[in-house]
Amino acid sequence: MILNREAVNAMLDFAGTLQEELVAIRRDLHQHPELLYSTDRTASIVAQLLKEWGIDVTTGVGPHFGKGVVGVLRGRLEGGRTILLRADMDALPITEQNDVDYRSHIDGIMHACGHDAHTAMLLGAAKTLAAYRESFAGEVRFVFQPAEEGALPSPLDGRLLSGGRDMIDAGILDGVDRCYALHVWPELAAGTIGIHPHYAMAASSHFHVTFHGKNGHHSTPHLAVDAIQMTASYIAAVNGLMANGVDPKEQAVLAFGTVRAGTVINAIAEQSVINGTFRAFSKSTVAAITDGLDRHARAAALSYGGSYEIALREGIAVVNDSEAVDEVVQAGTAVLGEENVLKQHTPSLAGEDFGWYLDRVPGAFILLGCRDEAVGNQEGLHHPRFNLDEAILVHGTRLLVQLAAGS
């Protein structure tokens with residue numbers, strides 16, 4: 001809790017002086033994007049800045065991959081809650097098409113989802129709160145997470161894990177009362193925020209299925225086991241699962257993304273690999289689809305005399321807590337004005353692994369408008385020309401400060 005409103009205003013004013021510094025940080029990260037868990041450069045910059053500001057820093061967070069950074073700041077006043085603020089650090093395997101002087105220096109990789117801005121804004125909040133630690137109570141945890149955009153098999157147990165789950169396994173949520181994250185959102189104008197009252201995003205799950213058969217010549221198909229036939233059967237069965245095996249009152253969508261099979265035109269394929277994603281909201285629907293994907297893969301393999309392997313990255317819906325939503329509305333009103341706090345009523349079918357945080361600790365996921373058509377920033381997330389209005393860096397910083405210390 002803040003001692004008085006003057007202290008809150010002083011913090012927000014301080015954050016307003018950081019614009020040039022935040023732009024410089026964001027542009028440096030934008031020029032040097034890193035994928036998934038390969039975020040060593042970004043993590044080292046984050047850790048160094050947090051240490052300079054007198055924040056307790058732990059690096060190498062996560063028992064599986066050890067790439068996260070956590071800063072802990074304790075206010076000097078008595079009492080208070082423990083608030084966790086999270087930013088993601090990883091980029092995407094996309095070739096940037098923006099003609100800007102800070103475009104990506106790494107061919108085939110760019111920050112097409114705004115994680116460079118997320119990291120810069122959380123650093124801005126950390127610097128601000130560290131400068132005013134005498135004026136608030138409680139603890140703030142600044143969590144900088146790798147691998148939000150995907151998952152890799154754990155070297156410990158083989159599970160496909162995103163960065164959020166790795167860091168949660170490290171105990172970062174222990175003792176946390178509230179957790180918040182924000183995401184730049186080109187569907188909303190710069191200077192506004194959006195907040196969903198309950199469901200914000202769907203559970204986005206990835207699946208990877210490999211069918212193993214036996215190679216052979218087209219003239220003797222009876223001596224071979226056709227992996228392509230298994231795949232074709234599987235696709236039909238899974239489409240049937242989505243049509244008939246999912247409660248029609250539940251929102252869910254599944255799509256196949258890639259299929260790789262065969263080597264030559266006149267040989268039966270020995271192996272086929274099929275990948276895709278599905279999105280749903282309720283845990284029961286996610287479980288039903290997950291079970292069906294495995295069950296139909298087993299049936300397709302057995303029916304043709306082959307075998308299969310399946311790997312899944314389990315997703316979870318992003319579900320906001322009602323009290324935390326109220327706090328976001330109050331904080332957003334204080335920082336941006338009531339007219340710029342927009343209630344969102346249709347959840348997105350996009351996915352976000354912040355849902356794993358919200359499944360364990362009450363909190364909220366906030367959409368930060370970043371569109372400014374006047375300067376050409378209007379492309380969607382994951383687009384090779386995605387960019388954002390950098391004026392929002394101060395907006396996001398102030399909002400995080402208000403949530404951490406002013407609510």
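The values are calculated or read from the model by the stated rules, or taken from the named source; none is laboratory data. Everything quoted here is computed from the prediction, not taken from an experiment. Every residue, glycine among them, receives a Cβ derived from its backbone with ideal geometry; neighbour counts consider all protein chains shown. In case anyone asks, the SASA skips ligands and DNA or RNA and just uses the protein heavy atoms, side chains included. Shrake-Rupley method; radii C 1.70, N 1.55, O 1.52, S 1.80 Å.
Out of contact with any Ser or Thr (no Cβ under 8 Å at 6 or more places or on another chain) and either under 19 Å from residue 37 (Cα atoms) or without any contact (Cβ under 8 Å) to a residue 60 or more places away in the chain (or both): which single residue out of 90, 107, 101 fits that description? First the steps, then the outcome.
Details: 90 fails: out of contact with any Ser or Thr (no Cβ under 8 Å at 6 or more places or on another chain); 107 fails: out of contact with any Ser or Thr (no Cβ under 8 Å at 6 or more places or on another chain).
The conditions single out 101.
Test of understanding: among 158, 150, which residue is touching a Leu at 6+ places or on another chain (Cβ under 7 Å) and assigned to a loop (DSSP other than H, G, I, E, B)? So that I can check it myself, show each step before the final result.
Working: 158 fails: touching a Leu at 6+ places or on another chain (Cβ under 7 Å).
Step by step, each of 158, 150 is checked, and only 150 is touching a Leu at 6+ places or on another chain (Cβ under 7 Å) and assigned to a loop (DSSP other than H, G, I, E, B).
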Among all residue pairs at least 6 apart or on different chains, which show Cβ distances below 7 Å where the first residue, located in the range 132-151, is open to solvent by less than 10 Å² (accessible area, probe 1.4 Å) and the second is assigned to a loop (DSSP other than H, G, I, E, B) and among the charged types (D, E, K, R)? 146/67; 146/90; 147/90
Those residues that are in a helix (DSSP H, G or I) and either buried (at least 19 other Cβ atoms within 10 Å of the Cβ) or in contact (Cβ under 8 Å) with a residue 60 or more places away in the chain (or both), I need them from the range 186-239; list them, please. 227, 229, 230, 231, 233, 234, 237, 238
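Mind telling me which of the residues 92, 73 ends up being at pLDDT 95 or above and either of a type in the set (Phe, Trp, Tyr) or in contact with a Cys (Cβ under 7 Å, 6 or more places away or on another chain) (or both)?
Working: 73 fails: either of a type in the set (Phe, Trp, Tyr) or in contact with a Cys (Cβ under 7 Å, 6 or more places away or on another chain) (or both).
Within the list 92, 73, the selection yields 92.
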Scanning the range 9-62 for residues that are among the hydrophobic types (A, V, I, L, M, F, W, C) and outside any helix (DSSP H, G or I), the one nearest to residue 396 (Cα to Cα) turns out to be 18
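Within the group 119, 59, which residue is under 30 Å from residue 175 (Cα atoms), open to solvent by less than 40 Å² (accessible area, probe 1.4 Å), in contact with a strand residue (DSSP E or B) (Cβ under 8 Å, 6 or more places away or on another chain) and of a type in the set (S, T, N, Q)? Quick ask: steps written out before the conclusion?
Numbers: 59 fails: open to solvent by less than 40 Å² (accessible area, probe 1.4 Å).
Step by step, each of 119, 59 is checked, and only 119 is under 30 Å from residue 175 (Cα atoms), open to solvent by less than 40 Å² (accessible area, probe 1.4 Å), in contact with a strand residue (DSSP E or B) (Cβ under 8 Å, 6 or more places away or on another chain) and of a type in the set (S, T, N, Q).
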Any hit, the range 178-185, residues being out of contact with any helix residue (DSSP H, G or I) (no Cβ under 8 Å at 6 or more places or on another chain), assigned to a strand (DSSP E or B) and surrounded by 16 or more Cβ atoms within 10 Å (Cβ to Cβ): yes
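Of the residues 360, 313, 398, 295, which is surrounded by fewer than 18 Cβ atoms within 10 Å (Cβ to Cβ), of a type in the set (D, E, K, R) and either in contact with a Gly (Cβ under 7 Å, 6 or more places away or on another chain) or in contact (Cβ under 8 Å) with a residue 40 or more places away in the chain (or both)? Spell out how you get there, then give the answer.
Working: 313 fails: surrounded by fewer than 18 Cβ atoms within 10 Å (Cβ to Cβ); 398 fails: surrounded by fewer than 18 Cβ atoms within 10 Å (Cβ to Cβ); 295 fails: either in contact with a Gly (Cβ under 7 Å, 6 or more places away or on another chain) or in contact (Cβ under 8 Å) with a residue 40 or more places away in the chain (or both).
One residue alone meets the criteria, 360.
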